[in-house]
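In what follows, a structure is listed as structure tokens, so that the remarks can point back to it.
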Amino acid sequence: MRIAPISAFDDNYIWSITASNSNNGSSVAKQPSANENPRAMEDNAISKNATTPCVIVDPGDAEPVFQWLKDNNCTVSAILVTHHHYDHTGGVNALKDHFNCPVYGPHSSKTDVVTQPLKEGEQIALLDEQLVLDVIQCPGHTLDHIAFYGAPYLFCGDTLFAGGCGRMFEGEPTEYLESLNKLAALPADTQIYCAHEYTLANLTFAAAVEPNNQAIQQRIAEVKALRAQDKPTLPAELALEHATNPFLRTHLPSVQQAAEQHSGKVFNTNPEVFACIRDWKNNF
């Protein structure tokens, strides 16, 4: 698979997926210029010779997607949605109407853009069955949140970030931690394609939780170098998350002690630790 980020809003990544045997050799998304006319851009988005199908993940804005499709000579064969938040769904209808393509997403979604509702354990095959994805229910950030996994790729929206996790808008600590543990149990070489460029901010917090964790310090240096070149810090490998992401490390004494020191409380369960550091991060 060829997976490319399409930047949207301030820090969102919309992901495009094309089959590795396609004629499209692009692996870096080209961004629309500031003076591009949105209507002309949409009308001319797809050239007559566009023959490369792609899958689009969490399109919160249609305009940069149309521009990417035009620049990379692609068409949309399917759209994946991880949860109902508008910065993940705002561009779905424009793309769906233009390409008449299916939209796969949560069966319990609060948005009406999903045409193919999915549940835990279901599987979808896309791009002439070259992309096979399992559906993982992962409530916590929102109750309807799902992730799509096809080894080694994980499209997890706002549930798991590089170095962090999403805010707990609708779920409960026990529920969210169970979701994170489910993702954490995937193979160590899993490549995490989350939906935001939050890595440096997340790792800055991780360093506050575990100031003696050298893996975090090394990763911060690497991330700063990437961002200085305006390069994405994603995908992230799950093995590195196990070493540096405090929300996957709530079972470890170093994180438990940090949570207790920060809160002045004693915690007896991992969900309590998770809730503490999630609240800590909210106000960090």
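A few points about this structure:
- Reported count of residues in the stretch 94-137, each being in contact (Cβ under 8 Å) with a residue 60 or more places away in the chain, charged (D, E, K, R) and surrounded by 18 or more Cβ atoms within 10 Å (Cβ to Cβ), is 0.
- Residues considered: Ser77, Ser7, Ser22. Of these, the only one that is modelled with pLDDT under 95 and surrounded by fewer than 21 Cβ atoms within 10 Å (Cβ to Cβ) is Ser22.
- Residue within the stretch 201-212 that is surrounded by fewer than 19 Cβ atoms within 10 Å (Cβ to Cβ), over 29 Å from Val81 (Cα atoms) and of a type in the set (Gly, Ala, Ser) present: yes
- Which listed residue is under 21 Å from Tyr149 (Cα atoms) and in the same structural domain as Cys165 (by TED's automatic domain parsing), from Ile192, Ile220, Ile216: Ile192
- On inspection, Leu160 fails the criterion of being within 16 Å of Ala19 (Cα to Cα), in contact with a strand residue (DSSP E or B) (Cβ under 8 Å, 6 or more places away or on another chain) and among the hydrophobic types (A, V, I, L, M, F, W, C).
- Number of the condition not met by Gln31 [criteria: (1) modelled with pLDDT of 95 or more; (2) within 22 Å of the chain's Cα centre (by Cα)]: (1)
- Filter pass, Ile124 being outside any loop (DSSP other than H, G, I, E, B), of a type in the set (Val, Ile, Thr) and over 16 Å from the mean Cα position of the chain (by Cα): yes
- Residue within the stretch 218-225 that is among the charged types (D, E, K, R) and over 19 Å from Leu154 (Cβ atoms) present: yes
- Test: Ala45 is modelled with pLDDT under 50, surrounded by fewer than 19 Cβ atoms within 10 Å (Cβ to Cβ) and among the hydrophobic types (A, V, I, L, M, F, W, C): no
- Scanning the stretch 143-163 for residues that are at negative phi and touching a Cys at 6+ places or on another chain (Cβ under 9 Å) yields a total of 13.
- Checked against (1) modelled with pLDDT of 95 or more; (2) among the small types (Gly, Ala, Ser); (3) on the phi < 0 side of the Ramachandran plot, Gly140 passes all but a single condition, namely (3).
- Residue that is surrounded by the fewest Cβ atoms within 10 Å (Cβ to Cβ) [pool: residues in the stretch 167-192 that are out of contact with any strand residue (DSSP E or B) (no Cβ under 7 Å at 6 or more places or on another chain) and of a type in the set (Ser, Thr, Tyr)]: Thr174
- Restricted to helices (runs of 4 or more DSSP H) entirely inside the stretch 236-284, those with at least 3 residues that are of a type in the set (Gly, Ala, Ser) and surrounded by fewer than 22 Cβ atoms within 10 Å (Cβ to Cβ) are 253-263.
The values are calculated or read from the model by the stated rules, or taken from the named source; none is laboratory data. If you're wondering where the values come from, they're calculated on a predicted model, not measured in any experiment. Quick reminder, even Gly has a Cβ in these numbers, built from the backbone with ideal geometry, and neighbours come from all protein chains shown.
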